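Chemist: Below is one structure. I have some questions about it.
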Amino acid sequence: MTDDDAAAIPDLEIPTGFELGVATSAWQIEGDLAGRGRCNWDDFADTPGAIVDGATGDPACDHVHRLEEDLGLLQWLGVDTYRFSFSWPRVIPEGTGAVNSAGLDFYDRLIDGLLERGIAPAATLYHWDTPSPLEQAGGWTVRATAEAFAEYAAVLAEHFSDRIERWATLNEPWCPAFLGYAAGYFAPGRTEPDAALAAAYHLMLGHGLAVDRLRAAGARSVGIVLNIIPTVTDDPKMAEATRHVDGIQNRLWLDLLAGRGIPEDIRGNCADLTDWSFVRNEDLPIIATPIDWIGENYYSINRVVSVEEAGSAAIGQDASMFPGAPEHAFSPRPPFTDMGWEVYPPGIVMALEQISEALPGIPIFICENGAAVEEDNDDDAIRDPIRTRYLHDHLEQVLGARSQGIDVRGYYAWSLLDNLEWASGWTKKFGLIRVDPDTGTRTPKDSAYWYRRQSVGRNA
Ligand code: FCB
């Protein structure tokens, strides 16, 4: 039945060698707080009002206890690869020191289960869950967290490097740095722009230190995942603000990776907020250690306007997230997803272009793309044509960019499962597979049937 509904959206021709996958992250799905240390997001979730519906990290999707079922769903989807993240506090509960062997066992079962099913594991080391003791000691605002992160990377690579296809150090460092420490919208809920700038820098230092430790322990392919968001304006008066937003959102990370350091304009515009004394020149080559690939998570674009022309609210688009910028606002254009994000498929090509211009010669993977949208529950199916259309239109753009010569090698849909959408809790659903928050029951949506046809069809 549902196969027929998914048929309304056309199939795409997926070239041989182009990988299709789905993605998740640890805190959003794992649950099982009893089996790990606490993290910044557990503490944030305990703060009244921080997570809109009061959701907590346990049970989330109860993935730890439903591992076999979730592996079965991945196999049914027919994907080539699965992107997941390690929970730092499941591996090293206090952030430094003793390793939790039961935590390593869980990831052994996950990784071996993927390999048995012919699915390539792609692992992220940090998808925003900082062990609580480290957060309490300053989190990413202090250099010690970057050093602890490198130790954690070494533990993982020593144990798993023979079985993991691709390693990512960080997921979207802009989010923990600026949503976490400047806007207070994410854990740890701090609203200190200077702390956000230090956090951004130490995240990237942690990345660079970890690349070295991963390689030394045998990791074959090491990269990082960014959320480059094309940032545009139609208003010449907003050119300077647009440049600054692009600087904080995009150029900061790309320039550091390319060995150009922190962009001069960002240094200057933020000089009233920080003296940048945390930057050490000898770190810059470490941060720019060559990587094997780069990941891009694309959802929407930033349209910068004057404050008088501010448009509807979109999560993640707020001047407090761009410290040092001249006064500005955002104005996304319809159609919108449930996050308030503009649906703009050509933007995914703009992001690919910005990355390949900044870091020429590095293969790119789309590591997340997807939409929280309205869904209809029939008795026997979950109708989500807007999501299927979104996935189709973005993947089509990516394949077009590839045929124009951009070296993009794969695409991961976000997400395998409905899950805890950070500060939005269960209220925003991105899954190809529905998860009932009360019972944990999994039900594939029409979009899952469509995506399955793209992967299984090609692999048949
Ligand atoms: C990205 C995050 C991912 C999920 C999607 C919707 O920024 O990496 O965990 O929340 O947005």
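The values are calculated or read from the model by the stated rules, or taken from the named source; none is laboratory data. All figures in this text were calculated on a predicted structure; none of them were measured in a lab. No Cβ is skipped: glycine too gets one built from the backbone with ideal geometry, and neighbour counts run over all protein chains shown. Protein only, heavy atoms only, side chains kept; ligands, DNA and RNA dropped before computing areas. Shrake-Rupley method; radii C 1.70, N 1.55, O 1.52, S 1.80 Å.
Chemist: Using the Kirkwood formula over every pair of different C-alpha atoms, what hydrodynamic radius in Å results for the chain?
Modeler: Working: mean 1/r = 0.0454 Å⁻¹.
For the chain, inverting the mean 1/r across all distinct Cα pairs yields 22.0 Å.
Chemist: For the stretch 1-121, which whole-number percentage of the solvent-accessible area (1.4 Å probe, protein heavy atoms only) is attributable to carbon and sulfur atoms? Write out the running numbers ahead of the final one.
Modeler: Working: 2340 of 4570 Å².
Carbon with sulfur: 51 percent of the solvent-accessible area.
Chemist: Given a 1.4 Å probe and every protein chain left where it sits, what share in percent of the accessible area of the stretch 184-266 is carbon and sulfur?
Modeler: Working: 1340 of 2660 Å².
Carbon with sulfur: 50 percent of the solvent-accessible area.
Chemist: Separate question: Which whole-number value in Å³ per residue fits the convex hull of the alpha carbons of the stretch 308-368? It would help to have the intermediate numbers written out before the result.
Modeler: On the way: hull volume 7.7 nm³, N = 61.
Spelled out: Cα convex hull of the stretch 308-368, divided by residues, is 126 Å³.
Chemist: Ignoring ligands, DNA and RNA, what percent of the accessible area of the stretch 344-444 is carbon or sulfur (1.4 Å)?
Modeler: 45 percent
Chemist: Scattering from the C-alpha atoms of the stretch 351-460 alone, worked out with Debye: what is log10 I(q)/I(0) at q = 0.18, 0.19 1/Å?
Modeler: Debye intensities relative to I(0), on a log10 scale: -0.93, -1.00.
Chemist: Find the accessible area per residue for the chain; the probe is 1.4 Å, ligands and nucleic acids are left out, and the unit is Å². Walk me through the numbers on the way to the answer.
Modeler: On the way: 16170 Å² over 460 residues.
Normalised by residue count, the accessible surface of the chain is 35 Å².
Chemist: Here is a further query. In whole Hz, what ³J(HN,Hα) sequence does the stretch 383-399 give by Karplus (6.51, -1.76, 1.60; θ = phi - 60°), x for Gly and Pro?
Modeler: The phi angles translate into 8, 9, x, 5, 5, 4, 4, 4, 4, 4, 5, 6, 5, 4, 4, 5, 5 Hz.
Chemist: Say each of Ser101 and Asp53 gets a label point 7 Å from the Cα, pointing the same way as Cα to Cβ; how far apart are those two points in nm?
Modeler: The two pseudo-label positions are separated by 3.9 nm.
Chemist: Cα to Cα, under 16 Å, and not fewer than 8 places away if on the same chain: which lysines meet these conditions relative to Lys445?
Modeler: Qualifying lysines at Cα under 16 Å: Lys428, Lys429.
Chemist: In addition: 7 Å from Cα along Cα→Cβ at both Ser161 and Ala258: what's the point-to-point distance in nm?
Modeler: A separation of 3.0 nm, rounded to one decimal place.
Chemist: Looking at Val349, Ala144, Leu432, which one has the Cα that reaches farthest to the positive end of the dipole of the chain (charges on Cβ: Lys, Arg +1; Asp, Glu -1)?
Modeler: Sorting the options by dipole projection puts first Ala144.
Chemist: Could you tell me how far the Cα centroid of the stretch 107-127 sits from the Cα centroid of the stretch 150-182, in Å?
Modeler: 15 Å
Chemist: Taking the Cβ of Gly35 as the centre, find all other residues whose Cβ is under 11 Å away and add up their charges (Lys, Arg: +1; Asp, Glu: -1). Display every interim value, and only then the final one.
Modeler: Working: positive: Arg36, Arg90; negative: Glu30, Asp32, Asp58, Asp105.
Within the 11 Å Cβ shell, the charges total -2.
Chemist: If you stretched the chain out fully between Ile406 and Ala216, how much longer would it get, using 0.36 nm times the residue separation minus the C-alpha to C-alpha distance?
Modeler: On the way: separation 190, 0.36 × 190 = 68.40 nm, distance 3.00 nm.
The span from Ile406 to Ala216 would gain 65.4 nm if fully extended.
Chemist: Right, another one. If a/c stays under 1.5 just call it rounded; otherwise compare a/b with b/c (prolate if a/b is bigger, oblate if not). Do that for the stretch 180-312, with a ≥ b ≥ c from the square roots of the Cα gyration tensor eigenvalues. All intermediate terms of the calculation are to be shown ahead of the outcome.
Modeler: On the way: a/c = 1.92, a/b = 1.59, b/c = 1.21.
Prolate, since a/c reaches 1.5 and a/b exceeds b/c.
Chemist: Next question. Please report the spacing between the Cα centers of the stretch 1-70 and the stretch 411-453 in Å, no decimals.
Modeler: What the calculation gives is 7 Å, centre to centre.
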